[in-house]
1. Could you give every pair whose Cβ atoms fall below 7 Å, whose first residue belongs to the range 45-72 and is under 19 Å from residue 13 (Cα atoms), and whose second residue is assigned to a loop (DSSP other than H, G, I, E, B) and of a type in the set (Asp, Glu), counting only separations of at least 6 or pairs across chains?
2. Restricting attention to the range 15-49, and to residues there that are out of contact with any strand residue (DSSP E or B) (no Cβ under 8 Å at 6 or more places or on another chain) and open to solvent by 100 Å² or more (accessible area, probe 1.4 Å), which single residue is nearest to residue 3 (Cα to Cα)?
3. Specify which of the listed residues (21, 39) is touching a residue at least 24 places away in the same chain (Cβ under 8 Å), touching a Pro at 6+ places or on another chain (Cβ under 9 Å), part of a helix (DSSP H, G or I) and not hydroxyl-bearing (Ser, Thr, Tyr).
4. Quick check on my filter: what residues within the range 51-72 are surrounded by fewer than 11 Cβ atoms within 10 Å (Cβ to Cβ), within 12 Å of the chain's Cα centre (by Cα) and under 17 Å from residue 2 (Cα atoms)?
5. Residues of the range 21-43 being closer than 18 Å to residue 54 by Cα and under 12 Å from the mean Cα position of the chain (by Cα), which ones?
Amino acid sequence: MEKSFYYPVPWGDVAFLKEALITMELPFRIEQPSVRLQLAPGEVAIVFSDMHMRDYNAVRELFGDHGKRYPQ
């Protein structure tokens with residue numbers, strides 16, 4: 001999967017978001033903080049590859065904002 005953008009989320013929200021994304025049939029990964037991916041304590045990243053605008057709009061609506069560009 002080519003990583004394009006991500007959303008930092010608190011651990012407590014992961015189960016709900018994971019179920020929603022599975023229901024929407026959208027591919028994603030959940031990543032822990034790393035040297036490349038700096039996150040706040042208690043956060044993980046839900047990572048996506050490039051997607052069609054319709055799917056991106058659904059993801060943006062679910063998360064309430066635009067995602068952050070995945071660090072290269």
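The values are calculated or read from the model by the stated rules, or taken from the named source; none is laboratory data. Not measured: the values here are computed from a predicted model. Glycine also receives a Cβ, built like all others from the backbone with ideal geometry; neighbour counts cover every protein chain displayed. We work out accessible area using only protein heavy atoms, side chains counted, and drop any ligands, DNA or RNA first. Shrake-Rupley method; radii C 1.70, N 1.55, O 1.52, S 1.80 Å.
1. Cβ pairs passing all conditions: none.
2. In this case the residue turns out to be 36.
3. Within the list 21, 39, the selection yields 21.
4. 69
5. Initially, the range 21-43 is screened for residues closer than 18 Å to residue 54 by Cα, giving 21-28.
The answer is 21, 26, 27, 28.
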